[in-house]
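Undergrad: Just passing along the structure, written as structure tokens.
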Amino acid sequence: MQVNISSMHAYEDWLSNNSNNIANVNTQDYKSIDTTLKNSSGNVTAHTTKSTNGVDLAKEITDQIVIKDGFNADATAIKTEDKMIGTVLNLLA
């Protein structure tokens, strides 16, 4: 469950950077923030770098779909694990 929680935090960071990029799409000389997710020993983290380019709106919109789907997958895994723990506890009771 811990990897899912850290992954959800990483998606949250990615979404924050993504939203900031979209909000600044028309800002002159704005350099977008690129975000990548890395898994290290079961801990998922978001790593950011400043791009040399402006905002690619098509990329940012498609990234939002990836973020949403990844976050939902983690939430589903956590819900499933919670149900399984509940079932085990009911069997032991």
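The values are calculated or read from the model by the stated rules, or taken from the named source; none is laboratory data. Computed from a predicted structure; not experimentally measured. Note: ideal-geometry Cβ built from the backbone for every residue, glycine included; neighbour counts use all protein chains shown. Note: areas computed on protein heavy atoms with side chains; ligands, DNA, RNA excluded. Shrake-Rupley method; radii C 1.70, N 1.55, O 1.52, S 1.80 Å.
Undergrad: Got a sec to turn the phi values of region 66-80 into Karplus ³J(HN,Hα) couplings, 6.51 cos²θ - 1.76 cosθ + 1.60 with θ = phi - 60°, whole Hz, x for Gly and Pro?
TA: 4, 4, 4, 5, x, 4, 5, 4, 5, 5, 5, 4, 5, 4, 5
Undergrad: Another question about this same structure. Put +1 on the Cβ of each Lys and Arg and -1 on the Cβ of each Asp and Glu in the chain; which of Thr52, Ile78, Thr35 then has its Cα farthest toward the positive end of the dipole?
TA: Ile78
Undergrad: Treating only the Cβ of Lys, Arg, Asp and Glu as charged (+1, +1, -1, -1), what charge dipole size does the chain show about its Cα centre? Round to the nearest 20 debye.
TA: 100 debye
Undergrad: Using a 1.4 Å probe on the protein heavy atoms only, what accessible surface does Thr45 show? Give it in Å² to the nearest 10.
TA: Around 50 Å² of this residue is reachable by solvent.
Undergrad: Relative to the compact globular guide of 2.2 N^0.38 Å, what is the alpha carbon radius of gyration of the chain, as a ratio?
TA: 1.40
Undergrad: Still on this structure, I have one more. Counting only protein heavy atoms and a 1.4 Å probe, tell me what percentage of the chain's accessible area is made up of carbon and sulfur.
TA: 56 percent
Undergrad: Cα to Cα, under 26 Å, and not fewer than 8 places away if on the same chain: which lysines meet these conditions relative to Lys79?
TA: Cα-Cα hits under 26 Å: Lys38, Lys68.
Undergrad: Any idea of Lys79's accessible area? Nearest 10 Å², probe 1.4 Å.
TA: Using a 1.4 Å probe on the heavy atoms, I get roughly 130 Å².
Undergrad: Per residue, how much accessible surface does the chain expose to a 1.4 Å probe? Answer in Å², no decimals.
TA: Per residue, the chain has an accessible area of 68 Å².
Undergrad: A further question follows. Mean residue ellipticity at 222 nm from the helices of the chain, using -39,500 (n - 2.57) per DSSP H segment of n ≥ 4 over the full residue count, to the nearest 500 deg cm²/dmol?
TA: -22500 deg cm²/dmol
Undergrad: So how tilted is helix 2-23 from the main axis of the chain? Cα-based, degrees 0 to 90, rounded to 10.
TA: 20 degrees
Undergrad: Note down the relative contact order for region 1-67 as a percent, whole number, built from C-alpha pairs under 8 angstrom at least six residues apart.
TA: Computed over region 1-67, the figure is 38 percent.
Undergrad: Shifting gears a bit: Does region 46-86 come out rounded, prolate or oblate, given a ≥ b ≥ c as the square roots of the eigenvalues of its C-alpha gyration tensor, rounded meaning a/c under 1.5 and, failing that, prolate meaning a/b above b/c?
TA: oblate
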